[in-house]
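The values are calculated or read from the model by the stated rules, or taken from the named source; none is laboratory data. Everything numeric here is computed off the predicted structure, so don't read it as measured data. Every residue, glycine among them, receives a Cβ derived from its backbone with ideal geometry; neighbour counts consider all protein chains shown. Accessible surface is based on the protein model in full, side chains and every heavy atom, while ligands, DNA and RNA are left aside. Shrake-Rupley method; radii C 1.70, N 1.55, O 1.52, S 1.80 Å.
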Amino acid sequence: MRFGPAAALCVALLGAALTGCSGASAGSSDNLPRTASQKQLDGGSIAKDVDLKGAHFAVGSKEFTEQQILGKITKYALEAAGAQTKDQTGLQGTTIARSALQGGDIDMYWDYSGTGWTQFLQHDTPVQGSAAQFRATSSEDLKKHKIKWLGPAKFGNQYTMARASDAKGRAGKVDSISDLAKLAKEHPEDATLCGASEFLDRELGALEKSPYKLKFGAPQVYQNAFALNFVNVAKGSPCKFAEVFTTDARLKSLDLKVLDDDKGHFTTELAALTVRDETAKKYPQLAKLAKKLGDALTEKTIIKLNGMVDLEGKSADQAALYFLRTNGFIGK
């Protein structure tokens, strides 16, 4: 694996794109505050329905946009319920976030049931159906590791791969992962892939062992920051295919085509609030709070919230407060 030779250019393009989007939206978007007063937090349904006065929680998240938004939503929701919080969002990757939870450095963070199934419970084959996958992950993780999965949210996020909709040549004829596996075998020079370190570490070997038997040669793989996947694949350089998340607003804004997972390799990953079992038992109100939040976190909603940050230049705090206010969880 190697860093793409156009990485610096991509950073510039990404920065320009974000600046442009932010500027374009500044005049049309509501002026969202960057924080909320305790009076505002007290003015919604959470303060009436959930009582966590006297509790202290450290709230974590992984580093990418969706995770930081979920972490901020949880932090403000806990404060609305009367708890005191410590913000530890932005942890670098799944392994660090999970270790922080199990070690007691944080008390909760949102994770995905497919991640739990493959990474924490070491299963190679996913369970078919998002609800069945969630039940299997939550049951086994509680039994083996004393981790409780609360919620879940109404949306499922998962890895997949995409190309530019107007990709030229052989890449433009790839519509499914089966097509990509055939291209990688017959014309490996055209099967170039961009991905972040976690995806490349977890999924390259799994794809090779999967029914697709999809194998990328080392010269065809470019490791970069997750955000650069979208810009790089949109311009077709240095990669014609890239790792993406299904709930990312940039799929639409950059006109990317998601490849059909025609053999069902990638697991459906309902998001849920993970908490140590001892914490969940000490504060049973957390289950009620996670359900309230999870019921409102639909796929349409999380795509909008991700877009507010990635396309409009809002902060994760602003997106979280927008979600909580529009759902009446806190006051205006």
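What to note about this one:
- Residue match in the range 185-193 (condition: open to solvent by 30 Å² or more (accessible area, probe 1.4 Å), over 27 Å from residue 123 (Cβ atoms) and touching an Asp or Glu at 6+ places or on another chain (Cβ under 8 Å)): no
- Checking each residue in the range 282-332 for being aliphatic (A, V, I, L, M), under 22 Å from residue 36 (Cα atoms), over 15 Å from the mean Cα position of the chain (by Cα) and not in a helix (DSSP H, G or I) picks out only 330.
- Restricting the range 115-147 to residues that are in contact with a Leu (Cβ under 6 Å, 6 or more places away or on another chain) and at pLDDT 95 or above, the residue that is surrounded by the most Cβ atoms within 10 Å (Cβ to Cβ): 134
- Among the residues of the range 282-307, those identified as open to solvent by 60 Å² or more (accessible area, probe 1.4 Å) and either β-branched (Val, Ile, Thr) or more than 12 Å from residue 327 (Cβ to Cβ) (or both) are 282, 284, 285, 288, 291, 299, 300, 304.
- The single condition from (1) touching a residue at least 40 places away in the same chain (Cβ under 8 Å); (2) out of contact with any helix residue (DSSP H, G or I) (no Cβ under 7 Å at 6 or more places or on another chain); (3) open to solvent by less than 10 Å² (accessible area, probe 1.4 Å); (4) closer than 27 Å to residue 313 by Cβ that residue 75 fails is (3).
- Selected residue (only one of 274, 279 is surrounded by fewer than 23 Cβ atoms within 10 Å (Cβ to Cβ) and more than 14 Å from residue 154 (Cα to Cα)): 279
- Condition check for residue 197: modelled with pLDDT under 95, within 27 Å of residue 123 (Cα to Cα) and open to solvent by 40 Å² or more (accessible area, probe 1.4 Å): yes
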